[in-house]
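One structure is given here, and the rest of the page talks about it.
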Amino acid sequence: MNKFIYSILIITAASLLFLSCEKVITITPPPYVGKVSIQSMLEPDSIPIVYFNKTVPYFDSKINFADLVIRNANIKITSGTTIDVLQLDSVFDKVYCEYNYYYKGTVPIQMNKTYTLTILNGSDTYTASCSTNSLSKSTIDSTAYTANYKDLYGEHEGVIIYFRDVPAQENYYRYEMDRFIDTATKKAEVKIVSPCLGRDSVQVQELGRSVFNDVGQDGQQLKIVIEPAYSHSPGTKGYIRIQSIDKNAYDFFDQLDKQKLSQFNPFIEPVFLRDGQFGSKAIGYFSAMVKSNAAAFIYPE
Amino acid sequence: MIKYLLAGMMILSANLLYAQKITISGYVKDAASKEALIGASVVNANTKSGTSTNQYGFFSLTANAADTIELIISYQGYKINAKKIAAKNDIQLNVLLENNTGSLGEVVVSSARNNRNVQKAQMGVIDVPLKAIKSFPVLMGERDVLKIIQLLPGVQAGQEGTAGFYVRGGNLDQNLVQLDEATVYNPNHLFGLFSTFNVNSINHVQLIKGGFPAEYGGRLSSILNITMKEGNKTKYQTEGGIGLLSTNLTFQGPIQKNKSSFIISARKSHINLLLQPASSKSTSYSFYDINAKMNYELGKKDHIFMSFFKGNDNAGYTGANSLNYATDFGNTTGTFRWNHLFGSKIFSNTSFIYNDYHLGLGSTQNNYYEVLYTGIKDINAKTDFTFTPGEKHKIKAGFTYTYHTLYPSSVSSKVPRRGNQITINKDSIATRFSNELAFYLSDDYDISKTISVNYGIRIPYFTGGGASYGGIEPRITTKVSLNPTTSIKASWTLMNQFLHAVPNSTASLPTDTWLSSSSLIKPQKSSQVALGLFKNFNDNAIETSVEAYYKTMDNQVLFKEGAQVVLNTNLDSILTFGKGNSYGVELLIRKNVGRLTGWLSYTWSKTTQQFAELNRGASFPAAFDRRHNFSLAGSYELSKHWTFSADFVFYTGRAFTLPTGRITVPVNASLYDGVYYDYSSRNNARLKSYHRLDVSFSNKKTVKLWGKKYEREWVFGAYNLYSRLNPYFVYLTTNADTKQPEARQVSLLPIIPSVSFNFKF
């Protein structure tokens, strides 16, 4: 055989073997029976807010909040004889660069009360209750910063918070930092600057993606390390609070956290969201929380 | 049930000792090389009763004393030998069969063609003709056993590029692959594109997928028995080949003529040389394998064998977004065997076996990585006895003991922004030790001329990981002959499995981690029933069979939802256990003789699993569930020198989990965006169907070089002739411009032409 042809054949074949091909394909997904998504976290002394959206088929083109919000629902929160009927409202989210829609009440939430959420949407009714009775504030002892921290999410920088668990009860916690971001700030994950931030700084609330419990550490000092959601520079200041949340919120956010890990990490089995307070027709939570006092935090780098 | 089985076997055996018979025993061998012919048929033409040779070419046949007995000895690819012998006393008979060089000049005594597939009380067993392995289309010039196995009914191919095979709804780990009785845990080379078994060193290949004889255990779904050649006992012989991927060389010959021989076979890849001009430095691949075996006949009653195998792969690959990995894996096995004959009726084999398997894999996908190391070392001792007390019985008994050492470890995390990824230090992995012991007893009993039964019992016992498990495994296969070419067979088997490879359903790479049973991990169990109709046509030239099976599997192992392993994770704690079942119908039409040989195979099957902690407790299709599995493979001798071969395969696409809905969770634009998946069920979607056509032409001639004759062969082939972009896996992403979710399919192997050159002298 001609040596030249043989060489070409060999190289072609070897190249083909090691160069995989990738293309966008159209998948006809199994039929999807849509659900609704209900999310509401009550906070004493604050006006109640309920996010009420529809879920859509995975490849549906509707991706904006404006497309997903369910507009004509009848939503009320009752506690004893007090009935708060919530109205649709919106705010422009400069990070997402679109309007965010929610139902907003008028009656501030109080401590030591039980609340019931009732949503009427066409012929469907969704209802759940939560209480502000058993929530206790934790106390932040101190904060710190680490440039290198290794955990399930890999190696990342982290804000370290030492706080005191409220003894003699089951507690669930979530991290919160309030700070300002500007046009130079990028989201940590996607490294993208929002085109809507404009010249002025915008206040954002970073929430920890992980939630924590006090199992086996009742009444002790807890340490958590949180990866910042936005870039920062030396001297960037924020205010940290620890949210004491109830078990329904904990379960929901814990599932979200695990699913998010499985979405990104191909070596993790997919996580199915389980039925929660609203049964099988709705996903979400109706919960309550209290926040610790704020601790100021300044990024060293 | 068990009690009756045992009692029946003892009574029958005792009674038969008093029968007045003669025994004809001996070996059937290749006339030229004196290589044992495994599974050769030996039939007493007077009574039409017969037997077949065992793994060492030995047979023992009991017959009524007579002035003359005509024995018909046949083996596929060989000329039939009809012997008339005076048989008044026990006879030791060694039969030599001559190779039938090409079917063009084949002369066959049609009535004597082998119909053991119909007449034997054995089902779910397929002997893979070496001729098929050597003549069917090749990938990149490499002939391969496992590629042929994947074309058989009831066998489903693994993902392209991850190879392996699934048998009757069982996971990869449920296949016991043995080379000269040593377990080969990972029989793959080159990302699994072909197997570690060098075709030039193989004597016999047999797949058992149901109706398991009692001597086999430890796996739920299949036994793949590969026997290495012993080596030419009469002359030195060299053969080899040069293909696109590798070069192989086999050297064999007598140590002491007609008494002792050796074979050594080696294969080494040269892919890196080819890749250098075509790819980056980060893509590399090298592998090698070495087979060696020697045997020595100590006398008429004793024969020893020593075999050794070592294969290793080392690769680094940088390709599409989701396909970056580096791996190093290999198997080493060593077997010492001693055959001993007690008289002419009892054949024994005692084996001491060592094997060592390791897989190290580092993989990066979507900015996450996983590092895993899984290793197994086994030390095994076993003894098997085959007792042929009379014409109607063949009794087998034996025991086996294995000491397992496993060292599994796995880490998965996000690729760090700076610094190094976590690595696994092999020496610091906590090892797990376990012991596996099993006894068995079985009888192959011809109740009458039309009814036969193979029944037996196996009793395994396992201890390790703080737990002990035992079991009783009854096995029974019955056959009812409707006529000489038609039979109906049924079987029922129970199996236990104490080693488990836990598959990761989402990763596109072979990341199975081997674990042994423990107090948390109970043994896998299966119960399989099968019913089959077997029919030969055209004087046994065409074999057909239809088999239906139903199999239940308990204590199946998968990872829990969201389980992520870190270095100190106790792997047992992130597992979840469930059950599975599989049922299907398999059709095989096979033509073994003539210019055109090959087979058509079709399987319809359904395999589901159910785990309390997965898929909200509901049943779901197994990841390897494929409803339709069709293959057509054939080889046609165009002329004395030219042969054309082709195979076509069609499979239903593999199942995978696709989110059906999208949920937006407004979390104040926090660390991750707020889009979550709503899964309706696990493995709810299918990759596109897989189909492929491979072809090859070979030209074989005997030519002279420097005055000496040698055989040379050119093989020209094309894998995936019409370059179908078959799906390897699908992943989901978001289009950066439109922000719309989209699915991307990765395909691995387009058309791959090949040429290879083989020689033999």
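The values are calculated or read from the model by the stated rules, or taken from the named source; none is laboratory data. Computed from a predicted model, the values in this text were never measured in an experiment. Cβ placement follows ideal geometry from the backbone for every residue including glycine, while neighbour counts extend to all protein chains displayed.
Do you know which residues across the range B:706-734 are more than 13 Å from chain A (Cβ to nearest Cβ) and free of Cβ contacts under 8 Å to residues at least 12 places away in the same chain?
B:706, B:707
Results for (1) surrounded by 19 or more Cβ atoms within 10 Å (Cβ to Cβ); (2) assigned to a strand (DSSP E or B); (3) at positive phi, shown as yes or no for each residue.
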position: B:659; (1), (2), (3): yes, no, no
position: B:691; (1), (2), (3): no, yes, no
position: B:699; (1), (2), (3): no, yes, no
position: B:709; (1), (2), (3): no, yes, no
position: B:715; (1), (2), (3): yes, yes, no
position: B:725; (1), (2), (3): no, no, no
position: B:730; (1), (2), (3): yes, yes, no
position: B:733; (1), (2), (3): no, yes, no
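Considering (1) closer than 25 Å to residue A:267 by Cβ; (2) among the charged types (D, E, K, R); (3) without any contact (Cβ under 8 Å) to a residue 60 or more places away in the chain, say which one residue B:626 fails and leave the rest.
For residue B:626, the failing item is (3).
Of all residues in the range A:85-130, which are within 14 Å of chain B (Cβ to nearest Cβ), assigned to a strand (DSSP E or B) and buried (at least 18 other Cβ atoms within 10 Å of the Cβ)?
A:93, A:100, A:101, A:102, A:103
Of the conditions (1) in contact (Cβ under 8 Å) with a residue 24 or more places away in the chain; (2) more than 30 Å from residue A:61 (Cβ to Cβ); (3) more than 11 Å from chain A (Cβ to nearest Cβ), residue B:619 satisfies every one except a single condition; which number is it?
All conditions are met except number (1).
Consider only pairs whose beta carbons are under 6 Å apart and that are at least six residues apart or on different chains; among these, list those whose first residue lies in the range B:57-79 and is farther than 29 Å from residue B:305 by Cβ and whose second residue is not in a strand (DSSP E or B).
These pairs meet every condition: B:65/B:88; B:69/B:46; B:70/B:45.
Could you list, in sequence order, the residues of the range A:247-300 that are away from chain B (no Cβ under 13 Å) and under 30 Å from residue A:233 (Cβ atoms)?
A:291, A:292, A:293, A:294, A:295, A:296, A:297, A:298, A:299, A:300, listed by residue number.
Tell me which of these residue A:141 doesn't satisfy, since it passes every other one: (1) outside any strand (DSSP E or B); (2) in contact with a Phe, Trp or Tyr (Cβ under 6 Å, 6 or more places away or on another chain).
Every listed condition holds for residue A:141 apart from (1).
Between a residue in the range B:735-761 that is touching a residue at least 12 places away in the same chain (Cβ under 8 Å) and more than 7 Å from chain A (Cβ to nearest Cβ) and any residue that is outside any loop (DSSP other than H, G, I, E, B) and charged (D, E, K, R), which pairs come within a Cβ distance under 6 Å, given they are 6 or more apart or on different chains?
That search, which allows pairs on different chains as well, returns B:758/B:713; B:759/B:712; B:760/B:239; B:760/B:711.
Only one of these is buried (at least 20 other Cβ atoms within 10 Å of the Cβ), at pLDDT 90 or above and aromatic (Phe, Trp, Tyr): B:636, B:651. Name it.
B:651
Exactly one condition in (1) part of a strand (DSSP E or B); (2) under 14 Å from the mean Cα position of the chain (by Cα) is false for residue B:239; which is it?
Condition (2) is where residue B:239 drops out.
Just the residues that are surrounded by fewer than 24 Cβ atoms within 10 Å (Cβ to Cβ) and at pLDDT below 75, please, taken from the range B:140-163.
B:159, B:160, B:161, B:162, listed by residue number.
Does residue B:593 count as over 30 Å from residue B:518 (Cβ atoms) and part of a loop (DSSP other than H, G, I, E, B)?
Here the answer is yes, as residue B:593 does meet what is asked.
What are the residues in the range A:131-149 that are in contact with a Ser or Thr (Cβ under 9 Å, 6 or more places away or on another chain) and either surrounded by 14 or more Cβ atoms within 10 Å (Cβ to Cβ) or touching a residue at least 40 places away in the same chain (Cβ under 8 Å) (or both), if any?
A:131, A:132, A:135, A:136, A:137, A:138, A:139, A:140
Have a look at B:671, B:658, B:693 and point out the one that is more than 22 Å from the chain's Cα centre (by Cα), at pLDDT 90 or above and not assigned by TED's automatic domain parsing to the domain that holds residue B:77.
B:693
Here is a yes/no grid of residues against (1) in contact with a Gly (Cβ under 7 Å, 6 or more places away or on another chain); (2) away from chain A (no Cβ under 14 Å):
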| site | (1), (2) |
| --- | --- |
| B:611 | yes, no |
| B:632 | no, yes |
| B:639 | no, yes |
| B:650 | no, yes |
| B:682 | no, no |
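Quick one: is residue A:23 basic (Lys, Arg), loosely packed, with under 15 Cβ neighbours inside 10 Å and at the interface with another protein chain (Cβ under 10 Å from one of its Cβ atoms)?
yes
Among the numbered criteria (1) more than 10 Å from chain B (Cβ to nearest Cβ); (2) closer than 23 Å to residue A:93 by Cα; (3) in a strand (DSSP E or B), which one does residue A:232 miss?
Condition (3) is where residue A:232 drops out.
Only residues that are hydrophobic (A, V, I, L, M, F, W, C), within 29 Å of residue A:123 (Cβ to Cβ) and not in a strand (DSSP E or B): list them for the range A:257-297, please.
A:272, A:273, A:278, listed by residue number.
Specify the residue that is farthest from the chain's Cα centre (by Cα); the eligible residues are those in the range B:328-357 that are modelled with pLDDT under 85 and surrounded by 19 or more Cβ atoms within 10 Å (Cβ to Cβ).
B:344
Within the range A:214-225, can one find any residue that is more than 29 Å from residue A:128 (Cβ to Cβ), within 14 Å of chain B (Cβ to nearest Cβ) and surrounded by fewer than 22 Cβ atoms within 10 Å (Cβ to Cβ)?
Within the range A:214-225 (the criterion being more than 29 Å from residue A:128 (Cβ to Cβ), within 14 Å of chain B (Cβ to nearest Cβ) and surrounded by fewer than 22 Cβ atoms within 10 Å (Cβ to Cβ)), the answer is yes, since at least one residue qualifies.
Quick one: which residue in B:472, B:447 is at pLDDT below 95, outside the structural domain of residue B:45 (by TED's automatic domain parsing) and within 30 Å of residue B:408 (Cα to Cα)?
B:472
Determine which single condition residue B:547 fails, assuming it passes every other condition in (1) away from chain A (no Cβ under 14 Å); (2) surrounded by fewer than 22 Cβ atoms within 10 Å (Cβ to Cβ); (3) more than 30 Å from residue B:660 (Cβ to Cβ).
Against the list (1) away from chain A (no Cβ under 14 Å); (2) surrounded by fewer than 22 Cβ atoms within 10 Å (Cβ to Cβ); (3) more than 30 Å from residue B:660 (Cβ to Cβ), residue B:547 comes up short only on (2).
Hey, among the residues in the range B:442-464 that are touching a residue at least 40 places away in the same chain (Cβ under 8 Å) and under 13 Å from residue B:400 (Cβ atoms), which one's farthest from the chain's Cα centre (by Cα)?
Out of the qualifying residues, it is B:462.
With the requirement that a residue be touching a residue at least 40 places away in the same chain (Cβ under 8 Å) and within 22 Å of residue B:690 (Cα to Cα), what does the range B:590-605 give you? Walk me through it before giving the result.
Looking only at the range B:590-605, we keep the residues that are touching a residue at least 40 places away in the same chain (Cβ under 8 Å), and these are B:590-599, B:601-603, B:605.
B:598, B:599, B:601, B:602, B:603, B:605, listed by residue number.
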